1. Considering segment 417-475 alone, what residues qualify as being among the acidic types (Asp, Glu) and either in the same structural domain as residue 334 (by TED's automatic domain parsing) or over 15 Å from residue 392 (Cα atoms) (or both)?
2. Considering only residues that are hydroxyl-bearing (Ser, Thr, Tyr) and in a helix (DSSP H, G or I), look in segment 168-214 and name the one that is farthest from residue 238 (Cα to Cα).
3. Can you name the residue in segment 131-141 that is of a type outside the set (Gly, Ala, Ser) and closer than 18 Å to residue 97 by Cα and is also surrounded by the fewest Cβ atoms within 10 Å (Cβ to Cβ) among such residues?
4. Looking only at segment 45-58, filter to residues that are part of a strand (DSSP E or B) and in contact with a Phe, Trp or Tyr (Cβ under 9 Å, 6 or more places away or on another chain); which one of those is farthest from residue 131 (Cα to Cα)?
5. Taking segment 465-511 only, how many residues are more than 24 Å from residue 363 (Cα to Cα), of a type in the set (Val, Ile, Thr) and assigned to a loop (DSSP other than H, G, I, E, B)?
6. Can you tell me how many residues in segment 449-463 are in contact (Cβ under 8 Å) with a residue 40 or more places away in the chain and part of a helix (DSSP H, G or I)?
7. Could you list, in sequence order, all residues of segment 120-152 that are more than 15 Å from residue 52 (Cβ to Cβ) and in contact (Cβ under 8 Å) with a residue 60 or more places away in the chain?
8. Give segment 182-199 a look and list any residue that's closer than 18 Å to residue 163 by Cα and either assigned by TED's automatic domain parsing to the domain that holds residue 264 or buried (at least 17 other Cβ atoms within 10 Å of the Cβ) (or both), or say none.
Amino acid sequence: MKTKFKLTAMQNLFKYICLLLLMVMTITATAQSKRAKTTATSGLLLRGTIRNYAGQPITISRCAGDTLVVVDSTRTNEKGEFRFTADLSGFQNLTGLCKVKLADDQFFYLLCDGNPVEIKTVFEGSPFANIATDSLQVIVQANSPAGVKKIAEENRQLYRFQRLQQQLNVANYYLLPMMRMYPRVDKFHPQIEAEYLKRYEEMDQLVRQQIKTDPDGMATKISSAFYLPVNPDWKLRDPERDSIIAAHFFDRFNPADPFYLRSNVLPEKMNIYLALRAGAPDKYNQSVPDERLLSATASGFIEKTFKGTPVWNADDAFNFCLNYYLKKFNKEHREGAFLALYDSWFKTQEGDCGTNAADRFSWARQKAGVLRGVEIGSIAPDFALEENGMKLSSITDDHILLIFWASWCTHCQKEMPEIKVLLDSSGLKITTIAVSIDTDATAWENFVKNNGLTSWIHSSELKGWKGNAPKLYNVYATPTMLLLDKEKRILAKPDDVEQLKQALNQLKIKN
């Protein structure tokens, strides 16, 4: 009995030791698993799988208004898998809208807030559809942290909005014209109208639900920006519909919200607002932008971001919107709209020379100065005539036609001889100064001789567009003409030979 008891006690002790070892091993394995999981997701920003896209490039950029700032790039592995981690300097404090670009102009957008996101999608090069966005799915595990679930839901809401927005675009571009052209008495017409209205109702329900459940969410701000709180009657003419939409443009959209500077929403909304407000229809009912309306409309948008006192170098919506509209008008050569907008916001104060190099708007101040020098009614800027040792101011004739041209310009090749014929037959005494923006002296001189233009005063710096005179006169196209009087005041800026003829006829009437 004693021996049996001893064996049983030894067996029990052995069992306890084994059980203890098993518990230690289990705890250790669990801890290692947690550490491995933490390491796998530590610093992770985005990972995913792209079907049909093995070993291919992928780039992520952050949206900053009208600019895309590249943050990082990588390649997928043989399974189409990729990952971006947040341990790079470009990912620090990355919050807002990002664009993930694939090959063949395929891409998708991603909302970021520092929490990792996992996606899967399909690559299929197509000039007609963005398959990467259309097929995109956000993956989230049931045991994921609350922050991961939150950003996953944000992105799901964004993609729901994008898909409904795509359907709305189809409704506006195709169903709306169909309703207007299709006979209303036909039984098919109510089906078109029902589908058209259904798409607006689906978007309305989505946005209202987003506002209710997550009013400050990034996805909600994007969808609210493009949401139409009213859908004007399709039977109204487009100008009437546009005016109604414009009247409700800011009902749900606050352009001063700092989030929009971390997205690409503002530029698109600014362009849409211009199209709604500033397009006066012509006789063919086509929108023709009016420069006075363009400036007034731009100011109306900017006022929504203005907080009372401008801080010219602040990174805020006011500075962005003002700078964007000025750059847009400058790029599109809408000088009248540029100057009107400039004058609306840049009130020169005593002691302000407008020469602060650190001011982000110094370029606009310089541009306005140039434009004011070449407005009708202004005194033309003086400059040296390179080949003659004279200046424009030294010519004392009653009228001067100043032409900027180039021998390689096809319009000039046609119009320069026509201008010569028109001037010779006008009966007016006009001195013509032809300023060439050529860089080839031989080509310039041969054109002058071969086309009988030697009686004109000719000048060229042979620097092309980089010459001082083209910059001084804000020349962006050739030929550019200015008709001056004896005091060098600009009387007209004809765009072509026909307009020059009209300007000369006005001179005859006055004389």
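The values are calculated or read from the model by the stated rules, or taken from the named source; none is laboratory data. Computed from a predicted model, the values in this text were never measured in an experiment. Please note: Cβ atoms are built from the backbone with ideal geometry, for glycine as well, and neighbour counts cover all protein chains shown.
1. If we filter segment 417-475 for residues that are among the acidic types (Asp, Glu), which is where we start, we get 418, 424, 438, 440, 445, 461.
Answer for segment 417-475, where residues must be among the acidic types (Asp, Glu) and either in the same structural domain as residue 334 (by TED's automatic domain parsing) or over 15 Å from residue 392 (Cα atoms) (or both): 418, 424, 438, 440, 445.
2. My answer is 213.
3. As a first pass, look at segment 131-141 and keep what is of a type outside the set (Gly, Ala, Ser): 131, 133-134, 136-141.
Filter again for closer than 18 Å to residue 97 by Cα, leaving 133-134, 136-138.
Numbers: 133: 17, 134: 16, 136: 24, 137: 14, 138: 20.
Of everything passing the filter in segment 131-141, 137 is surrounded by the fewest Cβ atoms within 10 Å (Cβ to Cβ).
4. The first filter runs over segment 45-58 and keeps only residues part of a strand (DSSP E or B), leaving 45-51, 57-58.
Then drop every residue that is not in contact with a Phe, Trp or Tyr (Cβ under 9 Å, 6 or more places away or on another chain), which leaves 45-51, 58.
Values: 45: 23, 46: 19, 47: 18, 48: 16, 49: 14, 50: 11, 51: 11, 58: 15 Å.
Checking each candidate, the answer is 45.
5. Of the residues in that region, 0 qualify.
6. Residues meeting the conditions: 0.
7. 139
8. Here is the first cut: in segment 182-199, the ones closer than 18 Å to residue 163 by Cα are 195-199.
Answer for segment 182-199, where residues must be closer than 18 Å to residue 163 by Cα and either assigned by TED's automatic domain parsing to the domain that holds residue 264 or buried (at least 17 other Cβ atoms within 10 Å of the Cβ) (or both): 196, 199.
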